[in-house]
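Asks: If you scroll down you'll find the structure; I have some questions about it.
Quick note: the coordinates plus some simple rules give every number you see, no bench work behind them. Since the structure is predicted, the reported quantities are computational estimates derived from the model, not experimental observations. Positions of Cβ are backbone-derived with ideal geometry, glycine not excepted, and every protein chain shown enters the neighbour counts.
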Amino acid sequence: MTDRTMDGRVSAIAGLVASPVRSFFGYFGDHATMLGKAILWLFRPPFRLRLFLEQMEFIGVGSLPIIILVGFFSGAVSAQQTIRALSIFRQERLVGATVGLSLALELAPVFTALMITARAGSGIATELGSMRITEQIDALTSFAVNPIQYLVTPRIVAAVLVMPIMTMVFNLVGLLGAYLFSVKLMQVDVGAFFEYFRFWTDPSDYLQGAVKAAVFGISLSLAACFQGFNVRGGAKEVGLATTNAVVAGSVSVLVLDYFLSDMLATFFPYQS
Amino acid sequence: MPPDPPKSSSPRPSDPPPRGGGPAPRTTPADPKTGRVTGRVTDPVQIAIRGLHKSFGVQHVLRGLDLDIYRGKINIIIGGSGQGKSVLMKLLMGLLKPDEGQILVDGQDIVALNDVEWAKLRRKYGMVFQYAALFDSLNVVENIAFPLIERYHLSNDEIMSRVRDLLQKLDLASVGGIEQKFPAELSGGQRKRVGLARALIDRPEILLYDEPTTGLDPVATKNVDDMILRASQDFGVTSVVISHDMASTFRIADSVSMLYDGKILVSGAADEVLHSGFAPVQEFVQLAGLLPGGATGGGAPGAAAAAPAKAAGGAGAKAPAPASKSGASS
């Protein structure tokens, strides 16, 4: 085998290895660049308060019915499964504490993020994708309006602000679902339900949930904006971008959840 | 491949015939030493494009394009699909950056501008997009007023007065309840006119049209042509129109340039281009029904019918001067 043939094969193999690595870092690099620009444009005039409020209305208020519905049944089903497990030890009275804690730390922020990804994330990706293929984003640029500042910044900021609020709503409604199932259907003592809940949950648990929710807000809105903003082609590509936005948003929420739980456990150590 | 163009004494595209048969405007001179162009605001050439290259991966779309855009005239750039017309438009708007070459707007090279400088320059421009690109979430008034709201702190009364004035001038005021309608509720022609109103509201010096008659029926096409003419005459703007609608082109153009193979193949008055003798031009106009098959000069009944106003007033209408062919030299 000649040296030239050998070199060719080595560079081909190196190319095969380098290509996915480059794509991987390129993908995250492009997201980071968009996020960086969105943050920079947040502090540069003009400040369009109307756009922020519109997005908060769309992402937050618009998602309220689905959050309430999912929250109620999530709380109820958590209580159902918890009571089944606790009944082995005859400790059904701990259901309020168990469901409250799991809602505050995991269920509320994660389920809220998944619901908002499905509803608002897909909406954002579709809207921006349609704007891209119908040249509305180019039109913004032609009027000297920065499209990142006009379209992306308000959506990310709105998601960061409303996600903790929606998570708290999920907590409240979830607890209501757990209460109704446990106390009204399974005859758990109402005093024990609330007393153990009060004893075992701290405000810091809700703070951890809120921090997670805010970070999820960044990741899901960034994924949606990125996919929508970078659509090239037509209706098929807009559909693809919407699917990608939901998949990327959901996966990012679940992956981030693990690392955030780990990190937050350092800042808020468990105290019995 | 196009045939070799005849040698021209000037490597630059020829000047368009001024309306009314006045003296031909000057073109922007190039520095003989550096080859760079230094335009002045008083020049009849408002935009001078020199040696423009643009590639997308292995696809070399523009290959050293040279073009002059004349102040206050209707400059139409024709060419087949995929020849780079829309790319050229996006380069003019700064939505894309060229790989090489100069674009001088009133003598200022816009290629190297930063975002802040571009934001200032864009106030000179208005753009009418192919499908109007109206903002779906805004109604007609909000769409038209968008540039004013974004750029100035004007009172609502002043904004509404300017919007209504434009609606009147563009024959939109008679459409019932137009002000509160959303883009989805408008017809294709109405959308184009609202798009034009939005582009005109801040009184731009240069108006870019990206295939304005695409997808319109003949009546709507005629209306859009009239609209372009009126915008040019009433507002005195420099119009740059990207089109492959030959009938429209020869009806309203002051200057026609054909983009072919990444360069301007031929440029000049409509009649000059029509009789330039280039195979791609002939094919284009024959397929559009503007020339009888095989005709390369002399009478052009189709064109004459299509473009009576412009061809009759143009310098090349009766005794056409040879259009300059820049394809080989650029």
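Asks: Quote the Stokes-Einstein diffusion coefficient, in whole µm² s⁻¹, for the protein assembly as shown, based on the Kirkwood radius over alpha carbon pairs, a temperature of 25 °C and a viscosity of 0.890 mPa s.
Replies: 88
Asks: Moving to a separate point now. Principal axis extents for region A:8-47, Cα atoms only, whole Å, descending order, please.
Replies: Cα extents, longest axis first: 55, 13, 7 Å.
Asks: Can I ask one more? Out of all Cα-Cα pairs in region A:67-125, roughly what percent, to the nearest whole number, are more than 19 Å apart?
Replies: 39
Asks: What range in chain A is the longest one free of chymotrypsin sites (Phe, Trp or Tyr not before Pro) that are in a loop by DSSP and have at most 14 other Cβ atoms within 10 angstrom?
Replies: A:48-269
Asks: Please give, to one decimal in nm, the separation of the simple spin-label points placed at residue A:87 and residue B:63, each 7 Å out from Cα toward the Cβ.
Replies: 8.0
Asks: Which far-off residues, 5 or more places away or on another chain, put their amide H under 5 Å from the one on residue B:128, with H placed in the peptide plane?
Replies: Amide H neighbours of residue B:128: B:208, B:209, B:210.
Asks: Karplus couplings for region A:12-21 from phi (6.51 cos²θ - 1.76 cosθ + 1.60, θ = phi - 60°), rounded to Hz, Gly and Pro as x?
Replies: Running phi through 6.51 cos²θ - 1.76 cosθ + 1.60 with θ = phi - 60° gives 5, 5, 4, x, 4, 6, 5, 4, x, 5 Hz.
Asks: Hey, another quick one. Just for the Cα atoms in region A:147-193, what are the lengths along the principal axes, largest first, rounded to whole Å?
Replies: 56, 15, 6
Asks: Taking amide H positions as placed in the peptide plane 1.01 Å from N, state which residues far from residue B:238 in sequence (5 or more) or on other chains have amide H under 5 Å from it.
Replies: When sequence neighbours closer than 5 places are left aside, the close amide H contacts are B:72, B:206, B:207.
Asks: Over what distance in Å are the Cα centres of region B:72-122 and region A:190-255 separated?
Replies: One Cα centre to the other: 41 Å.
Asks: Same structure, new question: Quick one: grab Rg to one decimal and Dmax as a whole number for region A:93-225, Cα atoms only, in Å.
Replies: So, for region A:93-225, Rg and Dmax equal 19.7, 66 Å respectively.
Asks: Equivalent-ellipsoid semi-axes (√(5λ), Cα gyration tensor) for region A:105-167, whole Å, largest first?
Replies: 29, 13, 5
Asks: Provide the percentage of antiparallel DSSP beta bridges, counting only those with both residues in the protein assembly as shown; round to the nearest 5.
Replies: In the protein assembly as shown, DSSP labels about 55 percent of beta bridges as antiparallel.
Asks: Arranged by the count of other C-beta atoms within 10 angstrom, fewest first, what order do B:234, A:3, B:245, B:261 take?
Replies: Ascending Cβ contact count within 10 Å gives the list A:3, B:234, B:261, B:245.
Asks: Which value in deg cm²/dmol, rounded to the nearest 500, describes the helix-derived mean residue ellipticity at 222 nm for the protein assembly as shown, given -39,500 (n - 2.57) per DSSP H run of n ≥ 4 and division by the residue count?
Replies: -17000 deg cm²/dmol
Asks: Taking other Cβ within 10 Å of each residue's Cβ, how do A:134, B:238 sort, fewest first?
Replies: Exposure proxy ranking, most exposed first: A:134, B:238.
Asks: Rounded to whole Hz and in sequence order, give me ³J(HN,Hα) for region A:127-133 from the Karplus expression 6.51 cos²θ - 1.76 cosθ + 1.60, θ = phi - 60°, writing x for Gly and Pro.
Replies: So the Karplus estimates, Gly and Pro as x, are 5, 5, x, 5, 4, 5, 6 Hz.
Asks: Right, something else. In Å, the Kirkwood hydrodynamic radius of region A:1-109 over pairs of distinct alpha carbons?
Replies: Across region A:1-109, the inverse of the average 1/r is 20.1 Å.
Asks: Next question. Give the whole-number value, in cubic angstrom per residue, of the convex hull volume spanned by the C-alpha atoms of region B:194-271.
Replies: Convex hull volume per residue, Cα atoms: 103 Å³.
Asks: If you don't mind, there's one more thing I want to ask. Would you order A:37, B:169, A:184, B:85 from fewest to most other beta-carbon atoms within 10 Å of each residue's own beta-carbon?
Replies: A:184, A:37, B:169, B:85
Asks: Computed on alpha carbon atoms, what radius of gyration and Dmax characterise chain A, expressed in Å?
Replies: 23.0, 84
Asks: Assigning unit charges at the beta carbon (Lys, Arg +1; Asp, Glu -1) and nothing else, what dipole magnitude in debye, to the nearest 20, does the protein assembly as shown show about its Cα centre?
Replies: Dipole about the Cα centre, nearest 20: 640 debye.
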